[in-house]
């Protein structure tokens, strides 16, 4: 997709309820959130732009239903204004005017994550400040509002709550497999601290695989062998001086295979890598 030179964070979800995946990206200059509606065949509409305060410097986001109305919402971290803005989804691919929440300077250095981190069944916002070695939690009330951030030193948090585990987007079927081996071998051997990783069965052998990328912007797959061992396979090597900013995974052409979308630093495009695994049987994904 041409014409958006500073695409940074990227997320894939069905925003309009048509069962096809759409794309949301942050464009940091000019400041905007862009929504590309998917047609289910690997192509997308021209983007709809969500309003952003130009000086706020939106950097990354998280997507979930924050106000319990059954529609996906978007939380955007704004670096310069030390805020998070929440765009509440209407379920048709459009969003309400955002509500703003002050986070303070520590939050501005984080990538945000969303999940129910405190066990109250409501979606919260979390960030890991690697410079300060702190975790900040904004507990959600379930109505689209949040508590002010509460900070904890990561050294005082149990290993089971380690923020690195939350850098994985894991198909729940394979959650146990990944949790068992993450601290043993994977993190030390393959991953950078800020890498986002996607876990599913990508080659239809009923074993958990991992899609990620390394410091050299090589996208690779770790193909699970079913015995806590993985085979590394290169998916895409950079061309020239390309440097990966973010990746996301989803089935963009509705063929039941998981595809990959990539944004690049300083680039005017995002790339979609369509999965053509001939070994996969459609009824397995």
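The values are calculated or read from the model by the stated rules, or taken from the named source; none is laboratory data. Just so it is clear, the structure is predicted and the values come from calculations on it, not from any experiment. Cβ placement follows ideal geometry from the backbone for every residue including glycine, while neighbour counts extend to all protein chains displayed.
Can you tell me which of 117, 101 is assigned to a loop (DSSP other than H, G, I, E, B) and either over 30 Å from residue 274 (Cα atoms) or under 20 Å from the mean Cα position of the chain (by Cα) (or both)? Break it down into steps so the answer makes sense when it comes.
On the way: 101 fails: assigned to a loop (DSSP other than H, G, I, E, B).
Sole residue among the options that is assigned to a loop (DSSP other than H, G, I, E, B) and either over 30 Å from residue 274 (Cα atoms) or under 20 Å from the mean Cα position of the chain (by Cα) (or both): 117.
Suppose we keep only residues that are assigned to a loop (DSSP other than H, G, I, E, B) and closer than 13 Å to residue 66 by Cβ within the range 122-141. Which one would you say is modelled with the highest pLDDT? Walk me through it before giving the result.
Within the range 122-141, the first condition is being assigned to a loop (DSSP other than H, G, I, E, B), and the residues that meet it are 122-123, 130-133, 139, 141.
Next, only the ones that are closer than 13 Å to residue 66 by Cβ stay: 122-123, 139, 141.
Working: 122: 92, 123: 91, 139: 92, 141: 96.
Restricting to residues being assigned to a loop (DSSP other than H, G, I, E, B) and closer than 13 Å to residue 66 by Cβ, the top hit is 141.
Has the range 13-23 got at least one residue that is modelled with pLDDT of 85 or more, in the same structural domain as residue 124 (by TED's automatic domain parsing), touching a helix residue (DSSP H, G or I) at 6+ places or on another chain (Cβ under 9 Å) and in a strand (DSSP E or B)? Give the derivation first.
Quick first cut of the range 13-23, residues modelled with pLDDT of 85 or more only: 13-23.
Narrowing the set further to residues that are in the same structural domain as residue 124 (by TED's automatic domain parsing) leaves 13-23.
Retained after the next criterion (residues that are touching a helix residue (DSSP H, G or I) at 6+ places or on another chain (Cβ under 9 Å)): none.
No, the conditions are met nowhere in the range 13-23.
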**Study point:** The one condition in (1) over 23 Å from residue 22 (Cα atoms); (2) outside any strand (DSSP E or B); (3) at pLDDT 80 or above that residue 223 fails to fulfil
**Key:** (2)
**Study point:** Hits in the range 68-84 (condition: in a loop (DSSP other than H, G, I, E, B) and surrounded by 20 or more Cβ atoms within 10 Å (Cβ to Cβ))
**Key:** 72
Review point. When only residues in the range 25-59 that are closer than 14 Å to residue 10 by Cα and in a loop (DSSP other than H, G, I, E, B) count, which is modelled with the lowest pLDDT?
Key: 28
Revision key, fill the gap. Of the residues in the range 226-247 that are touching a helix residue (DSSP H, G or I) at 6+ places or on another chain (Cβ under 8 Å) and assigned to a strand (DSSP E or B), the one that is modelled with the highest pLDDT is 232
